[in-house]
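Have a look at the structure below before the remarks.
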Amino acid sequence: MLRSALNNHPIKIFMEIPYTVKPRPDTGLYNAKVGIWLFLASEVMLFGALFSSYILLRVGAAPGTWPHGLLNVPLGTINTLVLITSSITVVMAWVSLKMNQFGKFRLYQAITLLCALAFLCIKSVEYHDKFMHYQILKTDGTYVDGHLVEKTADHVTLNGFETKDLSEINEPKHGEHHEHKPITVPTAEIKKIGNYGPWHNTYTAIYFTLTGLHALHVIGGALVIGFLWGPGSKMWKTDPERFTNRIEVSGLFWHFVDLVWIFLFPILYLL
């Protein structure tokens, strides 16, 4: 009889998770903020190890083997400005919620998402450029370096220049620019050929590792921000303070992603 009565009248038990809004007495922070700071600490160790590896590899590289001026500085500068702008808009979105202005929050987060998309598009252009940039080592020891024009079974044509000194490619003298012109190399004269993908040399390997991992973080952060901007924003009507905290936490991650790029840009593009 008791079991039947319970089945007919189920008992609902609601348990509230503590410190989702109010700060914890031991840390002074709510749970999500404690969690994101712990997560970011692990991220610092991850990128710290990669940056340390970069420094050791560069210091240990033989003279003339570490490329300089390989990356597009103007595009890198634009991407830096794009991410700095997104850092501003993500803060403004959080401030808008604090001021109970949900419409402005949607606007600022939309700009943040557009900045993330612009960053990824520019980065994809840079990646495409590296995969179209080829280097040929001929049987006579001459190097041909440039962008692919045509590749057939009989020959390969690059729009670039020819040299016997590899350091002219990796470490061009300041102010010196080689004249680029179409150069056709018969397949029979090619000893080695490859593009500037991560397999090209140590520099491109670390470049694609660092920027690729960073791009994944941009994608991950944009997905979270996009969810909170779209379907996740329904929480604003039911629990606005907790929703505001979620925006703050996602913003902290986004600031970390931007900060990583602030280190990547000068190290990879300028030094």
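Odds and ends about this structure:
- Counted residues, the stretch 120-151 - those being under 15 Å from L71 (Cβ atoms) and hydrophobic (A, V, I, L, M, F, W, C): 4
- Some residue of the stretch 118-133 being under 16 Å from E248 (Cα atoms), touching a residue at least 24 places away in the same chain (Cβ under 8 Å), out of contact with any strand residue (DSSP E or B) (no Cβ under 6 Å at 6 or more places or on another chain) and not β-branched (V, I, T): no
- Taking the stretch 160-271 and the helices (runs of 4 or more DSSP H) fully enclosed by it, the elements with 3 or more residues that are surrounded by 15 or more Cβ atoms within 10 Å (Cβ to Cβ) are at 167-170, 202-229, 240-264.
- Some residue of the stretch 133-150 being in a helix (DSSP H, G or I), of a type in the set (S, T, N, Q) and closer than 30 Å to F263 by Cβ: no
- Residues that are β-branched (V, I, T) and under 23 Å from I267 (Cα atoms) within the stretch 190-226 comprise T202, T204, I206, T209, T211, V218, I219, listed in sequence order.
- Residues of the stretch 154-175 that are of a type in the set (D, E, K, R) and under 31 Å from the mean Cα position of the chain (by Cα): E168, E171, K173.
- For the stretch 90-112, the tally of residues that are of a type in the set (A, V, I, L, M), assigned to a helix (DSSP H, G or I) and either without any contact (Cβ under 8 Å) to a residue 24 or more places away in the chain or exposed (fewer than 15 other Cβ atoms within 10 Å of the Cβ) (or both) stands at 3.
- So R246, is it of a type in the set (D, E, K, R), modelled with pLDDT under 95 and within 26 Å of I84 (Cα to Cα): yes
- Verdict on I183 being touching a residue at least 24 places away in the same chain (Cβ under 8 Å) and over 29 Å from F47 (Cα atoms): yes
Residues checked against (1) at pLDDT below 90; (2) among the hydroxyl-bearing types (S, T, Y):
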{"site": "F51", "(1), (2)": "no, no"}
{"site": "P67", "(1), (2)": "yes, no"}
{"site": "N72", "(1), (2)": "no, no"}
{"site": "I78", "(1), (2)": "no, no"}
{"site": "L81", "(1), (2)": "no, no"}
{"site": "S86", "(1), (2)": "no, yes"}
{"site": "V90", "(1), (2)": "no, no"}
{"site": "V95", "(1), (2)": "no, no"}
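- From the list S124, S87, the one residue that fits, being over 30 Å from H177 (Cβ atoms) and either loosely packed, with under 15 Cβ neighbours inside 10 Å or in contact with an Asp or Glu (Cβ under 6 Å, 6 or more places away or on another chain) (or both), is S87.
- Residue that is nearest to F243 (Cα to Cα) [pool: residues in the stretch 80-111 that are touching a Ser or Thr at 6+ places or on another chain (Cβ under 7 Å) and basic (K, R)]: K98
- Of residues in the stretch 129-159 being over 26 Å from F208 (Cβ atoms) and small (G, A, S), the one surrounded by the most Cβ atoms within 10 Å (Cβ to Cβ): G141
- None of T244, T238 is free of Cβ contacts under 8 Å to residues at least 24 places away in the same chain, of a type in the set (V, I, T) and more than 17 Å from N79 (Cβ to Cβ) except T238.
- Residues of the stretch 42-86 satisfying the condition of being among the β-branched types (V, I, T) and closer than 23 Å to Y127 by Cβ: T65, V73, T77, I78, T80, V82, I84, T85
- The one condition in (1) among the β-branched types (V, I, T); (2) more than 26 Å from I169 (Cβ to Cβ); (3) in a loop (DSSP other than H, G, I, E, B) that T65 fails to fulfil: (2)
The values are calculated or read from the model by the stated rules, or taken from the named source; none is laboratory data. If you're wondering where the values come from, they're calculated on a predicted model, not measured in any experiment. A quick note on method: Cβ atoms are made from the backbone with ideal geometry, for glycine too, and the neighbour counts reach across all protein chains shown.
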